[in-house]
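Here's the structure we're looking at; comments come further down.
The values are calculated or read from the model by the stated rules, or taken from the named source; none is laboratory data. In this text, all values refer to a predicted model and were calculated from it rather than measured experimentally. So basically every Cβ, Gly included, is an ideal-geometry build from the backbone, and we count neighbours across all protein chains shown.
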């Protein structure tokens, strides 16, 4: 048995074992990094398919048998990624040619899906080299250790091709080239024109950021960067590349901003002095720094970036100014003789109406002239932390202190900006009252049709007859309402607190999931804690319900019959009198 035949049988056993899961093969040189187009060649490595990234100075591609692969040269190479193994890619002109090479320790074959090989070279004279008739396969047999092999490949037809590297003793010649093990795969794009140095939007980035954080291929606009705090800077970061993912060379990178915003491209942090900035170096990871032209004044601006006259991107952002106005909401009625926490909410705005995050709760204070014995103090206990919409973090929380006597008072809150200016809120009407003592109740309508929503309003009064405050408990509220044909929506809290008007509202569906029997009913509203204290009585509220169809009851029909009989009797009596007269 020949050595060649023996090696084939050993290889066959290994392949069978691999398919059965007995053996496994790790890719060779998996961590190798391939140079990009224009860089020096990588050294020849065992069973690594490499591309000559260094360009030929003679205009012709070179496939060399030099052991380290340094003298191989390609022409028209536009792009080479940094991967090796079976996921490589490259772009070459249709007038160019690639020199591909590898270091072998067994029989190897270069196989192309199209185009043509030429210039097959190897270091060992004992090696048998052959190229197929269609010039798409190049094979080197009887290779010894550290065999340097190279070949050039080209195609004059634009398209996508694959160049594969196979290894193993199963390779006997060009007809069995793919019988070996695939160790390298290069996908080649052949193009008639070069996009080198030409801006590619798909391969570049232009991202709005709240700081110069750098960009990657997956970077996106930071939502927080569209609205910035007073004195903050905005950043529009660009990283411009051509279609091959190669950074663009130095050119005219220009940024312009509307509404007088200052922009700078000098470095990634400098503040500009005008609304236009120009940068003449490479547009790689470069930020347009955006700032307010007038300190503490609100700014709304749109930044446009161009490169050599080509529009790159447009980004809009807001930098808020000093607090200039305030708006109160969710006002509660305070309890007597003490501070009432979370008694109101307050939002702060700049002169352009932008919501502003206040610098601290301590920057707020009640205006002394707006306070008296009824409301003796007012402050902000927690400042807002977000410049967003209707979320709790967008509101500052206020507290006011009531005296011993019920009454109303309009108060003002002042805010001092870091610049020293002071903004004062409009009058905030607040009220102080005692705890719930008694109550009355009423429905919003006298009658309902099945499927409607009924609202029952309970009005609480303090011992002096004022509408009760929003802090004193009304007592246990579970199962306080008995209401035939009405189903309460939700379950009342164990301790219900009245609103600013001393009221609690309960909502019901008329009928709920049960059929409605038309008729008149009474609801019983029982707040047992107040009733037990004998300060209040159970309230009764009358109402009617109907099915929405005919509302005529048996009683109504009977009344109509009686009325009809009475009418007929009257007519008979009148007729009798008329006959007697004749």
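Please count how many residues of the stretch 361-415 are in a strand (DSSP E or B) and farther than 22 Å from residue 324 by Cβ.
Number satisfying all stated conditions: 11.
Assuming residue 218 fulfils every condition listed in (1) closer than 27 Å to residue 78 by Cβ; (2) crowded, with 19+ Cβ neighbours inside 10 Å apart from one, which condition is it?
Evaluating residue 218 over (1) closer than 27 Å to residue 78 by Cβ; (2) crowded, with 19+ Cβ neighbours inside 10 Å leaves (2) as the failure.
Quick one: is residue 365 in the same structural domain as residue 424 (by TED's automatic domain parsing), at pLDDT 95 or above and farther than 27 Å from residue 271 by Cβ?
Details: in the same structural domain as residue 424 (by TED's automatic domain parsing): yes; at pLDDT 95 or above: yes; farther than 27 Å from residue 271 by Cβ: yes.
Criteria met by residue 365.
Which one is nearest to residue 39 (Cα to Cα), of the residues in the stretch 244-268 that are touching a strand residue (DSSP E or B) at 6+ places or on another chain (Cβ under 6 Å), surrounded by fewer than 19 Cβ atoms within 10 Å (Cβ to Cβ) and modelled with pLDDT under 95?
If we take residues in the stretch 244-268 being touching a strand residue (DSSP E or B) at 6+ places or on another chain (Cβ under 6 Å), surrounded by fewer than 19 Cβ atoms within 10 Å (Cβ to Cβ) and modelled with pLDDT under 95, then 247 is nearest to residue 39 (Cα to Cα).
Exactly one of these conditions fails for residue 27: (1) surrounded by fewer than 14 Cβ atoms within 10 Å (Cβ to Cβ); (2) assigned to a loop (DSSP other than H, G, I, E, B); (3) at pLDDT below 50; (4) under 51 Å from the mean Cα position of the chain (by Cα). Give me its number.
Residue 27 satisfies every listed condition except (1).
Against the definition (within 30 Å of residue 320 (Cα to Cα) and in contact with a helix residue (DSSP H, G or I) (Cβ under 8 Å, 6 or more places away or on another chain)), how does residue 419 come out, yes or no? Break it down stepwise before answering.
Details: within 30 Å of residue 320 (Cα to Cα): yes; in contact with a helix residue (DSSP H, G or I) (Cβ under 8 Å, 6 or more places away or on another chain): no.
Taking the combined requirement at face value, the residue does not satisfy it.
Return yes when residue 385 is closer than 30 Å to residue 467 by Cα, at pLDDT below 95 and not assigned by TED's automatic domain parsing to the domain that holds residue 461 and no when it is not.
Details: closer than 30 Å to residue 467 by Cα: no; at pLDDT below 95: yes; not assigned by TED's automatic domain parsing to the domain that holds residue 461: yes.
Against the criterion (closer than 30 Å to residue 467 by Cα, at pLDDT below 95 and not assigned by TED's automatic domain parsing to the domain that holds residue 461), residue 385 does not qualify.
Out of everything in the stretch 114-143 that is within 51 Å of the chain's Cα centre (by Cα) and either free of Cβ contacts under 8 Å to residues at least 12 places away in the same chain or not in a strand (DSSP E or B) (or both), what residue ends up being farthest from residue 194 (Cα to Cα)?
Among those residues, the one meeting the criterion is 136.
Across the stretch 426-451, which residue is nearest to the chain's Cα centre (by Cα) among those that are surrounded by 15 or more Cβ atoms within 10 Å (Cβ to Cβ) and assigned to a loop (DSSP other than H, G, I, E, B)?
Within the stretch 426-451, the match that is nearest to the chain's Cα centre (by Cα) is 450.
Within the stretch 360-377, does at least one residue satisfy the condition of being touching a residue at least 40 places away in the same chain (Cβ under 8 Å), surrounded by fewer than 16 Cβ atoms within 10 Å (Cβ to Cβ), in contact with a helix residue (DSSP H, G or I) (Cβ under 7 Å, 6 or more places away or on another chain) and more than 30 Å from residue 253 (Cα to Cα)?
There is no residue in the stretch 360-377 that is touching a residue at least 40 places away in the same chain (Cβ under 8 Å), surrounded by fewer than 16 Cβ atoms within 10 Å (Cβ to Cβ), in contact with a helix residue (DSSP H, G or I) (Cβ under 7 Å, 6 or more places away or on another chain) and more than 30 Å from residue 253 (Cα to Cα).
What do you reckon, is residue 112 within 25 Å of residue 128 (Cβ to Cβ), out of contact with any helix residue (DSSP H, G or I) (no Cβ under 9 Å at 6 or more places or on another chain) and modelled with pLDDT under 95?
Values: within 25 Å of residue 128 (Cβ to Cβ): yes; out of contact with any helix residue (DSSP H, G or I) (no Cβ under 9 Å at 6 or more places or on another chain): yes; modelled with pLDDT under 95: no.
The answer is no for residue 112.
What single numbered condition from (1) assigned by TED's automatic domain parsing to the domain that holds residue 65; (2) part of a strand (DSSP E or B); (3) modelled with pLDDT of 95 or more fails to hold for residue 208?
All conditions pass for residue 208, except number (1).
Failed condition for residue 278, given (1) farther than 16 Å from residue 210 by Cβ; (2) in contact (Cβ under 8 Å) with a residue 40 or more places away in the chain, with all others met?
(2)
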